[in-house]
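Inspection log for the structure reproduced underneath, given as structure tokens.
The values are calculated or read from the model by the stated rules, or taken from the named source; none is laboratory data. Just so we're clear, the structure is a prediction, and the values are computed from it rather than from any experiment. Note: ideal-geometry Cβ built from the backbone for every residue, glycine included; neighbour counts use all protein chains shown. All accessible areas refer to the heavy atoms of the entire protein, side chains included, with ligands and DNA or RNA removed. Shrake-Rupley method; radii C 1.70, N 1.55, O 1.52, S 1.80 Å.
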Amino acid sequence: MSAILDNPWLMVLSIFVINIVYVSCLTMRTILTLKGYRYIAAAVSVLEVVVYVIGLGLVINSLDQIQNILAYALGFATGIIVGMKIEEKIALGYIVVNVTTAEYETDLPRKLRDFGYGVTHYVAKGRDGDRLVMQILTPRRFELKLMDTIKQLDSKAFIIAYEPKNIHGGFWVKGVRSKKLKAYDTDEV
């Protein structure tokens, strides 16, 4: 620890890295809490607080060193981005995608089901006539893959995606087949 305190560049680097770790933990804890993973969030918060106290202690002990304060601020900003990227990669939960298409005579729902998605569809009336509306459930990690698939099947489709707060019962809980979703390639659609 004395090597860090004696070397100003090592101090700046340490503060920067510590704050990236702290804010990444903070971001992940917040997301885990919002998604209902309370025990994992609590475990992450222990690491978060330990790292926070160490980083803040380093800065408070040297408030006369502007580079340390800047390293803390830049580490905080970078930590937000890193935390969001981590969450993006983990992609917890599910996403519901509503698709409205004029191609209501095609068999889009069957094609999407064959790929492994849970699809509920119905015909609706739009301003310019009948439309096929599909409600599609997918794990969040396959959201972009689903979007690409839909765009390839109908480039003019109107698409809205949102995260459901709760899912209970029905085909959706059992019907989304992650292995099938992983297996297909959007270039083969």
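Identify, among Thr100, Ile18, Ile54, the residue whose Cα sits farthest towards the positive end of the charge dipole of region 1-134, taking +1 on the Cβ of Lys and Arg and -1 on the Cβ of Asp and Glu, with the dipole about the Cα centre.
Value: Thr100.
Using θ = phi - 60° and the Karplus form 6.51 cos²θ - 1.76 cosθ + 1.60, what ³J(HN,Hα) does each residue of region 84-89 get, whole Hz, x for Gly and Pro?
For region 84-89, the Karplus curve yields 5, 5, 4, 4, 4, 6 Hz.
Over the C-alpha atoms of region 49-126, what are the Rg and the largest Cα-to-Cα span, Dmax, in Å?
Looking at region 49-126, its Cα Rg and Dmax stand at 24.6, 71 Å.
Let me cross-check Val189: its accessible surface, 1.4 Å probe, with only protein heavy atoms counted, in Å² to the nearest 10?
Approximately 60 Å² of Val189 is accessible to the 1.4 Å probe.
Just tell me which aspartates and glutamates come within less than 12 Å, Cα to Cα, of Lys35; anything on the same chain fewer than 8 places away is out.
Result set, ordered by chain and number: Glu87, Glu163.
Could you tell me the distance between the Cα centroids of region 15-39 and region 97-131, to the nearest Å?
38
Among residues other than Leu92 whose Cβ falls under 15 Å from its Cβ, what is the net charge (Lys/Arg +1, Asp/Glu -1)?
+4
I want the local charge near Lys156. Using Cβ-Cβ distances under 13 Å, sum +1 for each Lys or Arg and -1 for each Asp or Glu among the other residues.
On the way: positive: Arg131, Lys151; negative: Glu103, Asp128, Asp154.
Charge balance near Lys156 sits at -1.
Counting Lys and Arg as +1 and Asp and Glu as -1, what is the net charge of the other residues whose Cβ lies under 14 Å from the Cβ of Glu188?
0
Enumerate the lysines that Lys125 could reach by cross-link, defined here as Cα to Cα under 24 Å, with residues fewer than 8 away along the same chain left out.
Lys111, Lys151, Lys156
Calculate the dipole size of region 1-113 relative to its Cα centre from +1 charges on Lys and Arg beta carbons and -1 charges on Asp and Glu beta carbons; express the result in debye to the nearest 20.
Dipole magnitude for region 1-113 comes out near 400 debye.
I need the calculated FRET efficiency for the pair Glu163 and Leu47, taking r as the beta carbon distance and R₀ as 25 Å, to the nearest 0.05. The partial results should precede the final answer.
Numbers: r = 26 Å, r/R0 = 1.03.
Between Glu163 and Leu47 the formula returns 0.45.
Have a look at Met28, Phe115, Val82 and report the one farthest towards the positive end of the charge dipole of the chain, computed about the Cα centre with Cβ charges (Lys/Arg +1, Asp/Glu -1).
Result: Phe115, furthest along the dipole toward the positive end.
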